[in-house]
Amino acid sequence: MSGGAGLVERVRKLATGGGRVLIGVAGCPGAGKSTLAGWLATALTADGLPAVWVPMDGFHLADVALERLGRLGRKGAVDTFDGHGYLALLRRLRAETGTVVYAPSFDRDLEQPIAGAIAVPPQARVVVSEGNYLLCPEEPWRRVRAAMTEVWYADLDDRVRLERLTRRHVEFGKSPEHAARWVAEVDEPNAAAIRATRPRADLLVDVDALALRP
């Protein structure tokens, strides 16, 4: 994996063909996907290639829907996202480059998606989107992968990843005991499935080697 400058240069080369470039960042919970995606969008924009970060987390089903489906206790699993809605947005982002496209965000304080919170203007040449399941072979995720220009996989040592993940759960309101239990019973089963998709990535990115701040 190249360093940060190498990643920027890789995207710049992808953008020479015209059209909007969509870069996906997949990886296990706590691997630093959001940190990498946010950094990449900022670095590309600073380098003269306007980019916007659009997280897949905006397509979390709301808690009211998860409760109705009996899935609230497994929030973050693949079937707790609106994958078809996410796919539709990606296709709009590729096709609708003459107008502003609005995308949802995810508020970690509320733990809820927020509709229409991110504007992707016509001048945005690159959209960076991160999410756990971008490389999953099942539908609609297979078509999500096809809608991306490239999908990278964020790699991080599991010990570091689990420490950061548990700390994040605590920061956003769970007790240390609840956080540890959630990681063991919810996040790690999801991580096992996500890790199996690693070989499908276009690029493996060692997040620690980039020394980005989590």
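So what's the net charge close to LEU204: Lys and Arg +1, Asp and Glu -1, counting the other residues with Cβ under 10 Å from its Cβ? Kindly include the intermediate steps, with their values, before the conclusion.
Numbers: positive: ARG198; negative: ASP155, ASP202, ASP206.
It works out to a net charge of -2.
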Between the Cα axis of helix 158-171 and the main Cα principal axis of the chain, the angle (0 to 90°, nearest 10) is 80
Distance in nm between ASP109 and ALA196 label points, each 7 Å along Cα→Cβ, equals 3.9
Beyond 20 Å, the calculated P(r) of the chain holds a percent of Cα-Cα pairs equal to 56
Under the 7 Å Cα-to-Cβ spin-label approximation, ARG142 and TYR102 lie apart by a distance in nanometres of 3.4
Any residue on another chain or 5+ positions along whose placed amide H is under 5 Å from the amide H of PHE81 is listed here as LEU61
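Take the eigenvalues of the Cα gyration tensor for the stretch 1-108, scale each by 5, and report the square roots as semi-axes in whole Å, largest first. Kindly include the intermediate steps, with their values, before the conclusion.
Values: eigenvalues 167, 61, 23 Å².
Rounded to whole Å, the semi-axes are 29, 17, 11.
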Excluding residues fewer than 8 positions from LYS75 in its own chain, the lysines with Cα under 23 Å of it are LYS33, LYS174
Each label sits 7 Å from Cα toward the beta-carbon; between ALA184 and ASP208 the label points are separated, in nm, by 2.4
With x for Gly and Pro, the residue-by-residue ³J(HN,Hα) of the stretch 139-147, computed from phi through the Karplus equation 6.51 cos²θ - 1.76 cosθ + 1.60 at θ = phi - 60° and given in whole Hz, is 7, x, 5, 4, 6, 4, 4, 5, 6
With the label point 7 Å along the Cα-to-beta-carbon line of ASP158 and a cut-off under 18 Å to each amide N, the hits in the stretch 23-41 are 27-32
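So what's the net charge close to GLY73: Lys and Arg +1, Asp and Glu -1, counting the other residues with Cβ under 14 Å from its Cβ?
Working: positive: ARG68, ARG71, ARG74, LYS75, LYS174, ARG181; negative: ASP63, GLU67, ASP79, GLU111, GLU185, ASP187.
Net local charge, GLY73 excluded: 0.
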Of the convex hull enclosing the alpha-carbon atoms of the stretch 121-195, the direction-averaged projected area in nm² is 6.9
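Arrange ILE194, ILE118 by Cβ neighbour counts within 10 Å, fewest through most, would you? Could you put the intermediate results ahead of the total?
Values: ILE194 23, ILE118 16.
Starting with the residue having the fewest Cβ neighbours, the order is ILE118, ILE194.
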Helix 33-46: inclination vs the chain longest Cα principal axis, degrees, rounded to 10, gives 20
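Every read-out reported here was derived from the displayed coordinates using simple, explicitly stated rules and does not represent laboratory data. The structure presented is a predicted model; accordingly, all values stated were derived computationally and were not measured. So basically every Cβ, Gly included, is an ideal-geometry build from the backbone, and we count neighbours across all protein chains shown.
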